[in-house]
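Beneath this line is the structure, given in structure tokens, with notes to follow.
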Amino acid sequence: MLPERLGADGTTIAVGDPGAPVKVHLYEDPRCPYCKEFETTGGGPRLGEALLDRSAVAEYTLASFLDDRLGGTGSKKAVNALRAALEEGKFVEYHALLYANQPEESVDGYTDAYLLELAGDVEGLRSPRFDEAVRSMKYRAFVAASEEAYERAGGVKEPEGPGTPTAVINGKRIPLEYGALLMERETFARLLQEIHDKPGEWDATTL
């Protein structure tokens, strides 16, 4: 089982060995179809392998801007439910399940009922405590703070946030023009391996 924890900043969810040499910080919105592509058929599964062999650690900042852009509350509800899953030590499994069963972006499909239905497929996740946290939006402050952290990550040039998915690897953000590599599973895996094997070269790389 991969260790998972809430970072000291109160918004970053970290998965894997904190001492791993490669740190991949991901910015995602649960309703984002490109995030689903990354997590299901893109680089996400390869990142998962790197977490298991302790060559990488993943950090997640969970945004919810698509609710404001498209209408509805699905992103916020999903982020709240993911935070509740973290409290139960089930973030990794639930995170994967939400993306594997993501509703169409234009459909506000992450309802309480759907989130709880999916949670039933994660052994040991459903409980009165978890269910109440989902239904009551117990972690609404976390949801708001996470969105603010996402927006800050865009800096002055991108006050609404850097876009999703965005990856920052060992402090270097993968720019939009190279974003396709996130979706190419083997290319992403090779990148992680090269950064692991030659960290100095990555540090010296200008993107």
message = Anything in region 138-171 that is at positive phi and either among the basic types (Lys, Arg) or in contact with an Asp or Glu (Cβ under 9 Å, 6 or more places away or on another chain) (or both)? List them, or say none.
response = GLY161, ASN170, GLY171
ask   = What tally of residues in region 67-82 results from selecting those that are under 11 Å from PRO30 (Cβ atoms) and either surrounded by fewer than 22 Cβ atoms within 10 Å (Cβ to Cβ) or of a type in the set (Lys, Arg) (or both)?
value = 2
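A quick yes/no check of all residues on (1) closer than 20 Å to VAL15 by Cβ; (2) in contact (Cβ under 8 Å) with a residue 24 or more places away in the chain; (3) open to solvent by 10 Å² or more (accessible area, probe 1.4 Å); (4) not in a loop (DSSP other than H, G, I, E, B):
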| residue | (1), (2), (3), (4) |
| --- | --- |
| ALA58 | yes, yes, no, yes |
| ALA84 | yes, yes, no, yes |
| TYR110 | no, yes, no, no |
| GLU117 | no, no, yes, yes |
| GLY124 | yes, yes, yes, no |
| PHE130 | yes, yes, no, yes |
| PHE142 | yes, yes, yes, yes |
| LYS157 | no, no, yes, no |
| THR164 | yes, yes, yes, no |
ask   = Would you pick out the residues in region 93-108 that are acidic (Asp, Glu) and not in a loop (DSSP other than H, G, I, E, B)?
value = GLU93
ask   = Does ASN101 satisfy being in contact (Cβ under 8 Å) with a residue 12 or more places away in the chain, at negative phi, under 16 Å from the mean Cα position of the chain (by Cα) and open to solvent by less than 30 Å² (accessible area, probe 1.4 Å)?
value = no
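The values are calculated or read from the model by the stated rules, or taken from the named source; none is laboratory data. If you're wondering where the values come from, they're calculated on a predicted model, not measured in any experiment. Backbone-built Cβ (ideal geometry, glycine too); neighbour counts: all protein chains shown. Note: areas computed on protein heavy atoms with side chains; ligands, DNA, RNA excluded. Shrake-Rupley method; radii C 1.70, N 1.55, O 1.52, S 1.80 Å.
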